[in-house]
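The values are calculated or read from the model by the stated rules, or taken from the named source; none is laboratory data. Computed from a predicted model, the values in this text were never measured in an experiment. Glycine also receives a Cβ, built like all others from the backbone with ideal geometry; neighbour counts cover every protein chain displayed.
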Amino acid sequence: MQSKATTVSQYLNELDPNRRDAISTVRDVILTNLPKGFVESMNWGMIAYEVPLETFPDTYNKQPLMYAALASQKNYMSVYMSGVYSDEHQLKKLKAAFSEMGIKPNMGKSCIRFMDVNKIPLDTIGELISEISVKDYIDNYNRCRK
């Protein structure tokens, strides 16, 4: 379900209260830990955390580089973490955090699907978000594109 909202406030306001609370909780964790230089926006029908085109315009699709995102889908909510997709250390750390919680993660390549915000490792998500600078993210993108 892609939203047509053009602002984060609009996006949050169109969610039912339970999902709004859950998405807002994860959003707060991301914003608290987001390295300088990434910006929050609405893109791809979800709340996105990106490298602005002013900082790095040379992307394959002429869109800002998405670092992380939040979405409320039809059957679940998702937090997308590109760092986890491209960094084995981050993936291991995330899986270990789920294991410590005694929860089997519902994950895709870069997304963590959830229905209950209490069943995802918020502290670890914040830690992982904080680990990659804009420069390191751009460098990794360039390495992967070659």
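Within the range 109-146, the residues that satisfy the criterion of being hydroxyl-bearing (Ser, Thr, Tyr) and surrounded by 16 or more Cβ atoms within 10 Å (Cβ to Cβ) are Ser110, Thr124, Tyr137, Tyr141. Filter the range 125-142 down to the residues that are farther than 15 Å from Asp28 by Cβ and not small (Gly, Ala, Ser) and list them by number. Residues satisfying the conditions are Leu128, Glu131, Ile132, Val134, Lys135, Asp136, Tyr137, Ile138, Asp139, Asn140, Tyr141, Asn142.
Within the bounds of the range 51-61, is there any residue that is farther than 21 Å from Pro121 by Cβ and touching an Asp or Glu at 6+ places or on another chain (Cβ under 9 Å)? No, because not a single residue in the range 51-61 is farther than 21 Å from Pro121 by Cβ and touching an Asp or Glu at 6+ places or on another chain (Cβ under 9 Å). Any residue at all in the range 25-33 that is closer than 22 Å to Leu128 by Cα and free of Cβ contacts under 8 Å to residues at least 12 places away in the same chain? Checked against the condition, which is being closer than 22 Å to Leu128 by Cα and free of Cβ contacts under 8 Å to residues at least 12 places away in the same chain, the range 25-33 yields at least one hit. Here the range 72-84 is the region considered, the condition is being without any contact (Cβ under 8 Å) to a residue 60 or more places away in the chain and in contact with a helix residue (DSSP H, G or I) (Cβ under 8 Å, 6 or more places away or on another chain), and the residue that is surrounded by the fewest Cβ atoms within 10 Å (Cβ to Cβ) is Gly83.
The residue pairs whose first member lies in the range 85-114 and is touching a residue at least 40 places away in the same chain (Cβ under 8 Å), whose second member is small (Gly, Ala, Ser) and part of a helix (DSSP H, G or I), and whose beta carbons are closer than 9 Å, counting only pairs six or more residues apart or on different chains, are Gln90/Gly83; Phe114/Ala22.
Residues of the range 9-26 that are under 18 Å from Ile125 (Cβ atoms) and out of contact with any Ser or Thr (no Cβ under 8 Å at 6 or more places or on another chain): Asp21, Ala22, Ser24, Thr25, Val26.
Of all residues in the range 1-13, those satisfying the criterion of being at pLDDT below 95 and either farther than 20 Å from Val39 by Cβ or not β-branched (Val, Ile, Thr) (or both) are Met1, Gln2, Ser3, Lys4, Ala5.
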